[in-house]
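Heads up: the structure comes next, in structure tokens.
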Amino acid sequence: MADLRTNFAGIKSPNPFWLASGPPTDKAYNVNRAFEAGWGGVVWKTVGDPIINTTSRYWANDHNNSHVAGFTNIELISDRPIDVNLREIKEVKKNWPDRAVVVSLMVPCTEPDWEDILVKVNETDADGIELNFGCPHGMSERGMGASVGQVPEYVEMVSRWAKKHSNMPVIVKLTPNITDILAPAAAAKAGGADAVSLINTVASIVSVDLDTMSPLPSVNGKGSHGGYCGPAVRPIALRMVGDIARDEKIAGIPISGIGGVGTWHDAAEFIALDCGTVQVCTAVMHHGFRIVSDMVDGLSNWMDSKEYPTIDSFRGQAVPNFVRWEELDMNYELLARINQDTCIECGKCHIACEDTAHQAISMKRTNGSRTYEVIDEECVGCNLCALVCPVENCITMYAVENKKPYLAWQDDPRNPANAAAAE
Amino acid sequence: MSHPDIAAGRRDAAGYAELNTDSKPPLNSGQAVIEASRCYYCFDAPCVEACPTGIDIPGFIGKISSGNIRGAALDILEPNIFGGMCARVCPTEVLCEQVCVRTAQEEKPVTIGLLQRHATDQFFATNEQPFTRAADTGKKIAVVGAGPAGLSAAHRLSRFGHSVTVFEALSKPGGLNEYGIAAYKVPNMFAQKEASFILGLGGIEVQYGKALGSEITLGDLRNDFDAVFLGMGQFGVRALEDEGAELGGVVPAVKFIAELRQAGDLSKLPVGRKIVVIGGGNTAIDVAVQSHRLGAEDVTIVYRRGPEQMSATGHEQEFAKSDGVRIRHWAKPSRVIGEDGHVTGVEFERTRANSNGGIEGTGDTYELPADTVFIAIGQMFEGTPLDGDSLDGDTLEIQSGRIQVGEAGATSLQGVYAGGDCVAGEDLTVQAVEDGKQAAIAIDQYLKG
Ligand SMILES: Cc1cc2nc3c(=O)[nH]c(=O)nc-3n(C[C@H](O)[C@H](O)[C@H](O)COP(=O)(O)OP(=O)(O)OC[C@H]3O[C@@H](n4cnc5c(N)ncnc54)[C@H](O)[C@@H]3O)c2cc1C
Ligand SMILES: Cc1cc2nc3c(=O)[nH]c(=O)nc-3n(C[C@H](O)[C@H](O)[C@H](O)COP(=O)(O)O)c2cc1C
Ligand code: SF4
């Protein structure tokens, strides 16, 4: 049995699965249920001066019959008084000593405001704090959330205040609504933060109602932009995590991966890119806390099958393979192959390649049956046909044994820069 | 007719192979993932409630979707150690799949049975023994019968750390899994492989050839063990009482099925040409389809009421008909006709429903020619094993031919529990497994005082 225990910037939990700050963690009732279900930790719903929410708060988009491919919300931070939240946090931590309880915080951008709340949080015996610099709507207009997270100098300044006034590990939660994620990550590190977590939600309009012409979710005919999350944002989150994990100056800072985690497999991908824990919000809002059962035993079974005894034994293993485009092997050659025995003659590979790629899949009709074949000379090995084929393993990509050595773009004779040099 | 037309070798090799081939082929991995994605992952799901063993169906299907096959299989085997057998033999169309919310939405349930089979098959292929025993408690428990009820109880009791001795009348484990279930539901020796997996836990000793009532008595078991579980099924066969029932060629269906299941070489197993099956349950369907597949030309099931009253599900009736078996309703046998001591036909009297819910003969009769008549009008509880016991004045209460039980299989005798076909309730593999499990939990509690 694999050992799933984690120690994240000094915060211990029995498994790397934490609930992200949000509705699932907004009071003791939910958090107790989450811990009963087996979650390793929670980041409490962001605590700060209570706000008022609108009704009609969420919307989702579906893709090909799959519900909630992406999810959006226009909620703000906690609507409950600070002292009620902090009292419940203290009680929950006392009852669940082996689980991680992290307090997410957002207050106006002045040192006295931060000092005031941090001193109170110190009394809760929680395991850590997370600075919410990420919320893209509602709070940022008030000078908090993403409006702080988008300015590296502010990130560094508030991180420093937090380290000064808190007796707990400090996690800085980063917003993805920025061009270069390395800037705020470096700022957090410079400010002394113990860890970063990412991503918070992506500023978005998820859909427009074509009858009322209102963005959704609609509040009495009008909609504002919301924060997008769920499976659709996972690739964006993975890339930002990867950027931080491989950066020479920032690498090594503990990362809590967030964004579209719904299964153990998703979590393992974040861990392979060096995350020490993952956080989940949308998937539990979609299915309930019970999904942690598959996360825990799915990850453990997979680790056993790969003989990874601990989380740390595979953490970050994909980072060295996440390289810049210039470092890819220009001599590597793939070709597609269609298994005629399993082909169902849907024609999708043909039309995709014919209309949008390299006209490398021929189509023959004999007595009503169709045969699709790869024209090797035309195939550029792009993977498109294999991706659109609905039959598992019917189209496979295979590497041509061309016996050519590794060749980076800078050394490739086809690189115009080299041609110029040779002249 | 000089001699009855009963012969072996009616079919070619491919024909016999068909008998030992899955009537419902398993899903491959791609199909399983597509099918799993149809599950809505309902909360408080109706299917879970409809499964007698309460398997977390949406949970294990979700795990198939995520590629966590081991987790899926253990979610099945934890509440139901016969999860592999149940995936093959449960009449899912009247259990979990009947209540699938997709049935209401689009009349096509998620094929839960096939997904369950997929997960357990993949897991069994790893040969892993996932369960462990708790520390030895020093308690000894006797289990009578190595069928689904007995082995389910034995497995759970052994996991609790108790030492279990199973007394089995026959020479192999499995009960009707091994001797009764249709061959095309459990090809490739699955019943024996599954029994080995269950016994592979350890802590369970099976003594074969030990029948309660002959080699052992209930009184002995009560004296020698801390608790007793009775899971001996219903091995008695209800006989036809009509004139001619003693003729050669009039055979209990379960006896023929047992011979078929144990036949090493099906081409050596003789079968009639014209077969009449009397009854309306699973057993009637199974004996009809299997004798047809053995090469019988003409197989007719005759049932005394209509299709709705048959205990074989609509799905099973359709399956038999599509296999070439004829089903005639509303007639009961009045006389078995024979020549030289062997059956040549059966005379039936047409029936109709009467006003008080029963049936009555109409007086109108017809004859069906037959060289074999299979009787499938129910099994009964073999009462003899419990007769003549020295129970020190205590009595084991029996009601309508079944051992009477209360909560979790407790009988009228202290420390004696019973479950499966020998008690009242649905005669299904999955119910026997649940009975054994619940009794084991109750015995564990009882022993802890
Ligand atoms: C032909 C047929 C087809 C069926 N098909 C299906 C199906 O497709 N799906 C389904 O769910 N159910 C089916 N059933 C019903 C199912 O097989 C039973 O409900 C189930 O096997 C009951 O389990 P059990 O452990 O109570 O009894 P059994 O399986 O009958 O096992 C009892 C065991 O006790 C042993 N035993 C009996 N008497 C004694 C004694 N005196 N001393 C010691 N040992 C003894 C027997 O040898 C046997 O091993 C079918 C039944 C029959 C007859
Ligand atoms: C309804 C809702 C409310 C949220 N509230 C907060 C919050 O108060 N503080 C915070 O840091 N993040 C908040 N988030 C963002 C989540 O913590 C998380 O970063 C984001 O949803 C991405 O993860 P996911 O794809 O698993 O949902 C909220 C998300 C949702 C859907
Ligand atoms: S999820 Fe609950 S709170 Fe939200 S709309 Fe439905 S009932 Fe109301």
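Summary table
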{"item": "Residues in segment A:375-408 reached by a label modelled at A:Thr366 [backbone nitrogen below 20 Å; 7 Å Cα→Cβ]", "result": "A:375-376"}
{"item": "Sequence-separation-based contact order of segment A:328-422, relative, with Cα cut under 8 Å and 6+ spacing, percent", "result": "40 percent"}
{"item": "Extension gain (nm, one decimal) between A:Asp411 and A:His225, 0.36 nm per residue minus Cα-Cα", "result": "62.3 nm"}
{"item": "Taking chain A and dividing mean pair separation by its residue count, relative contact order in percent (alpha carbons under 8 Å, at least six apart)", "result": "14 percent"}
{"item": "DSSP bridge pairs, the protein assembly as shown: antiparallel proportion in percent, nearest 5", "result": "45 percent"}
{"item": "Environment charge at A:Ala408 (Cβ cut-off 13 Å; Lys +1, Arg +1, Asp -1, Glu -1)", "result": "-2"}
{"item": "Buried on assembly, segment B:19-34 (at least 20 Å² less accessible surface than by itself, 1.4 Å probe)", "result": "B:Gly30"}
{"item": "Which listed pairs, of B:Lys24/B:Lys108; B:Lys274/B:Lys321; B:Lys24/B:Lys172, have C-alpha distances above 18 Å, in listed order", "result": "B:Lys24/B:Lys172"}
{"item": "FRET efficiency for A:His286 and A:Ile351, using Cβ-Cβ distance with R0 set to 30 Å, rounded to 0.05", "result": "0.35"}
{"item": "Simple label model, 7 Å out from Cα along Cβ direction - B:Asn127 to A:Glu392, nm", "result": "2.4 nm"}
{"item": "Loop-exposed GluC sites (Glu not before Pro) per DSSP, neighbour cap 16 Cβ within 10 angstrom, longest uninterrupted part of chain B", "result": "B:1-106"}
{"item": "Extension gain (nm, one decimal) between B:Glu339 and B:Glu18, 0.36 nm per residue minus Cα-Cα", "result": "112.2 nm"}
{"item": "Around A:Asp83: net Lys/Arg minus Asp/Glu count, Cβ-Cβ under 11 Å", "result": "+2"}
{"item": "Angle between chain B longest axis and helix B:112-124 axis [Cα atoms, degrees, rounded to 10]", "result": "60 degrees"}
{"item": "Virtual spin-label span in nm between A:Lys12 and A:Ala251, 7 Å along Cα→Cβ", "result": "3.0 nm"}
{"item": "Under 5 Å, built H, 5+ apart or other chain: amide partners of A:Trp44", "result": "A:Val102, A:Val103, A:Ser104"}
{"item": "With every protein chain in place, segment A:6-321: carbon and sulfur % of accessible area (1.4 Å)", "result": "52 percent"}
{"item": "Chain A: most fluctuating residue of A:Thr201, A:Thr55, A:Thr366 per GNM, C-alpha cutoff 10 Å", "result": "A:Thr366"}
{"item": "Efficiency of FRET between A:Arg324 and A:Glu153 - r from beta-carbon atoms, R0 30 angstrom, step 0.05", "result": "0.60"}
{"item": "Burial of 40 Å² or greater, segment A:271-291 residues [accessible area, probe 1.4 Å, versus chain by itself]", "result": "A:Arg290"}
{"item": "Residues in segment A:311-335 reached by a label modelled at A:Ala399 [backbone nitrogen below 13 Å; 7 Å Cα→Cβ]", "result": "A:329-335"}
{"item": "Label point distance in nm, A:Asp49-B:Asn354, each placed 7 Å from Cα along Cα→Cβ", "result": "8.7 nm"}
{"item": "Where the protein assembly as shown is the region considered: accessible area per residue in Å², 1.4 Å probe", "result": "44 Å²"}
{"item": "Choice from A:Ala268, A:Ala37, A:Ala193 with maximal GNM fluctuation in chain A (Cα, 10 Å cutoff)", "result": "A:Ala37"}
{"item": "Two-site FRET efficiency, B:Asp44 against B:Ile441, from Cβ-Cβ distance with R₀ of 25 Å, rounded to 0.05", "result": "0.65"}
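The values are calculated or read from the model by the stated rules, or taken from the named source; none is laboratory data. This is a predicted model, so every value here is computed, not measured. Positions of Cβ are backbone-derived with ideal geometry, glycine not excepted, and every protein chain shown enters the neighbour counts. Only protein heavy atoms, including side chains, enter the accessible area calculation; ligands, DNA and RNA are left aside. Shrake-Rupley method; radii C 1.70, N 1.55, O 1.52, S 1.80 Å.
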